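Since the structure comes first, as structure tokens, the remarks are kept for the end.
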Amino acid sequence: MILKVKAHPKSKKRMLKKISNTEVEVWVHEPPVEGKANRAIIELLSEELEVSKSLISIKSGSASKQKTFEIKGEPKMPKDLFG
């Protein structure tokens, strides 16, 4: 599964919001320094989709707010997110 992510690093909140079936917005506390925000996004995606962090990788945009992630395996699609 390919998922487009609009990242909001250094946010006061930590959450995920559906934009479409293939796109989400993600807010994380961590700053975009030394990959901290990217790791936090992967952790949040892992929790929400119930897949291992090792099955989530950044395909493009690692230094951008617009990112593309590949999620391998069988991610759970929360109804409130992807319903």
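Couple of notes before you dig in:
- All positions within the range 1-16 that are touching a residue at least 40 places away in the same chain (Cβ under 8 Å) and open to solvent by 70 Å² or more (accessible area, probe 1.4 Å): Met1, Ile2, Lys4, Lys6
- Scan the range 59-70 for residues that are hydrophobic (A, V, I, L, M, F, W, C) and open to solvent by 50 Å² or more (accessible area, probe 1.4 Å) and the total you get is 1.
- Against the test of being in a loop (DSSP other than H, G, I, E, B), of a type outside the set (Ser, Thr, Tyr) and touching a strand residue (DSSP E or B) at 6+ places or on another chain (Cβ under 9 Å), the options Lys12, Lys6 yield a single qualifying residue, Lys12.
- Residues that are of a type outside the set (A, V, I, L, M) and within 14 Å of Phe69 (Cβ to Cβ) within the range 1-20 comprise Lys4, Lys6, listed in sequence order.
- Hey, Lys6 of a type outside the set (S, T, N, Q) and at pLDDT 95 or above or not: yes
- Looking only at the range 18-52, residues that are free of Cβ contacts under 8 Å to residues at least 12 places away in the same chain and assigned to a strand (DSSP E or B) come to 1 in all.
- Scanning the range 21-50 for residues that are touching a Ser or Thr at 6+ places or on another chain (Cβ under 7 Å), open to solvent by less than 30 Å² (accessible area, probe 1.4 Å) and farther than 14 Å from Glu70 by Cα yields one hit, Val28.
- Only residues that are at pLDDT 95 or above and among the polar types (S, T, N, Q) were counted across the range 9-53, and they come to 2.
The values are calculated or read from the model by the stated rules, or taken from the named source; none is laboratory data. All of these numbers come straight from a predicted model, not from anything done at the bench. Glycine gets a Cβ as well: all are built from the backbone with ideal geometry, and neighbour counts include every protein chain shown. Remember, those area values only see protein heavy atoms, side chains included, never the ligands or the DNA or RNA. Shrake-Rupley method; radii C 1.70, N 1.55, O 1.52, S 1.80 Å.
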